[in-house]
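The values are calculated or read from the model by the stated rules, or taken from the named source; none is laboratory data. Please read these numbers as outputs of a predicted model, since none were measured by experiment. Here Cβ is always computed from backbone atoms with ideal geometry, including for glycine, and neighbour counts include all displayed protein chains.
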Amino acid sequence: MIVSRLIGGLGNQMFQYAAGRALAERLGVPFRIDRRAFGDYKTHAFGMACFNAPISDAPSYLVPNMPGEGRFHRIFRRFRPGPLRLYAERTFTFDEQVIGLPDNTYLDGYWQSEKYFGDVAEVIRADFAIRNPPSAANLRWLEQIASTNSVSLHIRRGDYVSTPAAAAFHGTCGIDYYERAVTYLRDVTGLDLVAYVFSDDHDWVAANLKLPGAMYLVRDNDAASNYEDLRLMTACRHHVIANSSFSWWGAWLDGREDSVTVAPLQWFAGNTPDPRDLLPARWVRM
């Protein structure tokens with residue numbers, strides 16, 4: 001059995017799931033998740049229930065570092081198998097050892113690179129198909145996206161702006177980045193593109209973003225239905241992502257070989273962590 005610890009926003013949860021699922025798939029063993037950390041985590045909720053992914057929780061007696069373990073649990077362990085072998089993330093860059101880890105491993109990290117799961121990409125994409133049909137409003141967006149030369153554009157603000165520590169660590173992509181990215185896509189595709197803009201700060205976007213060509217601001221979804229935005233992003237023909245794991249997945253789940261994704265060259269505000277393995281080589285950095 002392979003177990004992945006899940007924590008963070010939806011994009012982070014998806015990376016953690018994908019790395020563990022891929023390892024279990026290679027080994028031909030069951031895959032389980034550990035979501036206990038969400039019990040006292042106030043920033044984000046567990047969000048994976050929106051997907052077709054076969055979600056199963058790991059048995060508590062197998063999970064290492066069980067919080068609040070008392071005498072009963074210690075006695076119980078004598079009659080059941082011991083905890084899994086913990087493998088914690090050592091660096092933000094790709095760790096090749098993860099690919100060859102053995103059965104009975106517990107993964108604790110973020111694993112933000114497709115190198116952990118690219119060899120089973122179709123399995124991951126199938127798992128991350130949205131379980132429920134779109135709402136009426138989102139169905140109208142999907143129909144419009146399908147009828148235009150669409151490009152998804154994601155502007156991440158939220159805690160990247162409001163929380164000093166997050167702002168200092170992540171930073172935000174400037175308006176000039178989005179303007180250059182859309183101009184580049186228009187030039188390289190030769191098409192009159194229609195931009196569909198997704199954000200956690202719609203009012204700021206409406207007041208500040210001016211793009212060449214047609215632009216629509218998608219306002220119908222909130223944090224509780226963010227998977228709807230993910231589905232709409234993936235439906236677009238091309239992508240301009242923010243320095244955000246959420247829009248990373250919006251672009252990656254679009255498996256069309258001729259789709260073009262533009263990503264920010266500066267992923268973090270500082271020089272660390274090293275994001276060299278975060279962006280697929282086929283994506284354009286700008």
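Every residue, every condition in (1) in contact (Cβ under 8 Å) with a residue 60 or more places away in the chain; (2) β-branched (Val, Ile, Thr); (3) farther than 17 Å from Ile145 by Cβ, yes or no:
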site: Pro212; (1), (2), (3): no, no, yes
site: Asn221; (1), (2), (3): yes, no, no
site: Arg231; (1), (2), (3): yes, no, no
site: Val240; (1), (2), (3): yes, yes, no
site: Phe246; (1), (2), (3): yes, no, yes
With the requirement that a residue be assigned to a helix (DSSP H, G or I) and either outside the structural domain of Arg85 (by TED's automatic domain parsing) or small (Gly, Ala, Ser) (or both), what does the range 10-57 give you? Gly11, Ala18, Ala19, Gly20, Ala22, Ala24, Ala37, Gly39, Ala49
Which numbered condition Gly39 fails, given (1) under 29 Å from Ala126 (Cβ atoms); (2) modelled with pLDDT under 95: (1)
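Looking only at the range 206-214, decide whether some residue is outside the structural domain of Ala18 (by TED's automatic domain parsing), under 28 Å from Gln16 (Cβ atoms), surrounded by 17 or more Cβ atoms within 10 Å (Cβ to Cβ) and of a type in the set (A, V, I, L, M). Reasoning before the result, please.
Initial filter on the range 206-214 (outside the structural domain of Ala18 (by TED's automatic domain parsing)): 206-214.
Those left that are additionally under 28 Å from Gln16 (Cβ atoms): none.
Within the range 206-214 (the criterion being outside the structural domain of Ala18 (by TED's automatic domain parsing), under 28 Å from Gln16 (Cβ atoms), surrounded by 17 or more Cβ atoms within 10 Å (Cβ to Cβ) and of a type in the set (A, V, I, L, M)), the answer is no, since none of the residues qualifies.
Residue by residue through the range 165-193, note down the ones that are among the small types (Gly, Ala, Ser) and under 13 Å from Met286 (Cα atoms).
Taking the range 165-193 as the starting set, the residues that turn out to be among the small types (Gly, Ala, Ser) are 165-168, 171, 174, 181, 190.
Correct list: Gly174, Ala181.
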Residue under question is Tyr178, and the condition is that it be modelled with pLDDT of 95 or more, over 22 Å from the mean Cα position of the chain (by Cα) and in the same structural domain as Phe268 (by TED's automatic domain parsing); does it hold? no
Is at least one residue of the range 83-105 more than 30 Å from Gly250 (Cα to Cα), at pLDDT 95 or above, surrounded by fewer than 17 Cβ atoms within 10 Å (Cβ to Cβ) and acidic (Asp, Glu)? yes
Restricting attention to the range 116-125, and to residues there that are surrounded by fewer than 18 Cβ atoms within 10 Å (Cβ to Cβ) and either under 15 Å from the mean Cα position of the chain (by Cα) or acidic (Asp, Glu) (or both), which single residue is farthest from Arg231 (Cα to Cα)? Asp119
Look at the range 128-159 and say how many of its residues are over 21 Å from the mean Cα position of the chain (by Cα), outside any helix (DSSP H, G or I) and farther than 20 Å from Ser247 by Cβ. 2
Contact list, first residue from the range 265-286 and without any contact (Cβ under 8 Å) to a residue 40 or more places away in the chain, second anywhere and small (Gly, Ala, Ser), beta-carbon distance below 7 Å, six or more apart or interchain, is Leu279/Ala263; Trp283/Ala263; Arg285/Ala263
Somewhere in the range 151-168, is a residue out of contact with any Phe, Trp or Tyr (no Cβ under 8 Å at 6 or more places or on another chain) and β-branched (Val, Ile, Thr)? yes
I'm trying to understand the selection: among the residues of the range 181-193, which are surrounded by 15 or more Cβ atoms within 10 Å (Cβ to Cβ), of a type outside the set (Ser, Thr, Tyr) and either under 24 Å from the mean Cα position of the chain (by Cα) or assigned to a helix (DSSP H, G or I) (or both)? Ala181, Val182, Leu185, Arg186
The lone condition Arg26 fails out of (1) at pLDDT 95 or above; (2) under 30 Å from Asp229 (Cβ atoms) is (2)
